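The values are calculated or read from the model by the stated rules, or taken from the named source; none is laboratory data. Keep in mind that this is a model prediction, so the values were computed, not measured. Here the Cβ is made from the backbone with ideal geometry for all residues, glycine too, and neighbour counts use every protein chain on show.
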Amino acid sequence: MQKLQLKERLYFIGDVHARHSKLINLLEVIDFDSNNSNSSAKNEQLVFIGDLIDSVPDCVSEHLTLLNHVESLVKSNHAFCLLGNHEFNAIGWATQKGQGNWARPHTDNNRNQHNAFLEAVEEGSKEHERWITWFKSLPLFLDFEAVKAIHACWDEQVIERIKPYLNPDNSLKEAHWLDAFDETHELFTLCETLLKGPERQLPAEQAFKDKTGKIRTQKRIEWWADSAYKESIVPIVIGHYTLSGLPKALSQKVVCVDYNAAKGDNPLVCCQFELVPADKSLLATNNPFYYSNKLKQMA
C-alpha cells in the first residue's frame, strides 16, 4: 500500500448521498475551509466513507456539485474518499459485458435506485464516463495505522484474499471489474462482504420483503457484534448501515457514521480521530461526533 500523506486529525464523514448542502453545513460546524489558511483545515483531513451518490429525486441538482467538491478535496490532499456500494453499483451499471448485457442488470428496481445520479450526469455522456472512471480509482479500504476505514465491513480474511486483485492504493485493478460482478467468481463475494456487509441465510419461513419490494432470503448481520469476527486492535470506521438516533460507537472498536443523511432533515454525521499524538487507548468510544444542522458537538 502506498504511503498516505497524513495531517494531525481525521474527520470521517458518513454517506452523503448527494446532499451537498449538508456537507457544506457540516464543514462549517467543524471549521474546515480548504481555502482559508487560518481554518482548522491546515491540520485536518476528511475521509469520505463512500456512497456520495444516489438520493431522492429532488437532489439531482446537487450530485455534480458534491462530486466536484469531493474530487477537488481529494486532489489537494485535504481528503480521502472510499468506494461505497453505490459507486460500485454505478460502475456495474455502466460496464457492458459481452453479448450486450450489463455487469449490473438494468432492471426497473436498479434504475430507480440509481436514477437521480443518471439524470444528473446524463446517462451515457462524457460526464457520466468521467465519474465512472473516478469511482474506479477509489480505494476499497484505508489503513491509517491508528484507525482503519471501510464502507461496510472490515474482515481481515477477506481483505487478505482480495489484495491480489488490488492496485497499491487499494483500488480494484481494471482487469478485474467484470469479475467483481460475476457471481461465479470469488471476487464477487469478497466485494459484497466489504462494501455491502456479510449476510446469513434465513430459514424459508423468515424470508421478508425489503423497502423496494424485493423478497430477501438472507439477512445482513451486525458483524461488529458477531462472535465470528475477531475484534480489531485499532478502531474501525464504517458507513452503510443507516442508523438513527444520537450518534454513538457501535462497540469499543467500531464506529458507524451513516445516519441516513439522504432523507429529509436527517444529519450528515462525522467522527473525529486524533493522529498526533496517537490515541493510546485505541478505543472508538473516545472520539467525538459532529453533525450538520446542529452547531454543537455530540459526545
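Structural remarks
- When Y259, Y229 are checked against the criterion of being modelled with pLDDT of 90 or more and either out of contact with any strand residue (DSSP E or B) (no Cβ under 9 Å at 6 or more places or on another chain) or under 19 Å from I150 (Cβ atoms) (or both), Y259 stands alone in meeting it.
- Residues that are assigned to a loop (DSSP other than H, G, I, E, B), within 13 Å of the chain's Cα centre (by Cα) and not polar (S, T, N, Q), drawn from the range 219-260: G239, H240, Y241, V257, D258, Y259
- For the range 83-110, the candidate set comprises residues that are in a helix (DSSP H, G or I) and over 20 Å from the mean Cα position of the chain (by Cα); within that set, the residue that is surrounded by the most Cβ atoms within 10 Å (Cβ to Cβ) is N109.
- Taken over the range 238-253, the criterion of being in contact with a strand residue (DSSP E or B) (Cβ under 8 Å, 6 or more places away or on another chain) and either crowded, with 23+ Cβ neighbours inside 10 Å or over 16 Å from D226 (Cα atoms) (or both) is satisfied by I238, G239, H240, L243, L246, P247, K248.
- For L46, the conditions (1) under 16 Å from the mean Cα position of the chain (by Cα); (2) in a loop (DSSP other than H, G, I, E, B) are fulfilled apart from (2).
- Residue that is crowded, with 20+ Cβ neighbours inside 10 Å, among the aliphatic types (A, V, I, L, M) and touching a Gly at 6+ places or on another chain (Cβ under 7 Å), where the choices are A152, A120, A116: A152
- Filter result for T133 (β-branched (V, I, T), surrounded by 13 or more Cβ atoms within 10 Å (Cβ to Cβ) and more than 29 Å from Y259 (Cβ to Cβ)): no
- Residue in the range 142-154 that is in a helix (DSSP H, G or I), of a type in the set (A, V, I, L, M, F, W, C), at pLDDT 95 or above and in contact with a helix residue (DSSP H, G or I) (Cβ under 6 Å, 6 or more places away or on another chain) present: no
- For N68, the requirement of being buried (at least 20 other Cβ atoms within 10 Å of the Cβ) and on the phi < 0 side of the Ramachandran plot is not met.
- Close Cβ contacts (under 6 Å, 6 or more residues apart or on different chains) running from residues in the range 27-48 that are within 16 Å of S76 (Cα to Cα) and without any contact (Cβ under 8 Å) to a residue 12 or more places away in the chain to residues that are among the aliphatic types (A, V, I, L, M) and assigned to a helix (DSSP H, G or I) comprise D33/A41.
- Within the range 30-69, if we keep just the residues that are acidic (D, E) and within 26 Å of K263 (Cα to Cα), the residue that is modelled with the lowest pLDDT turns out to be D58.
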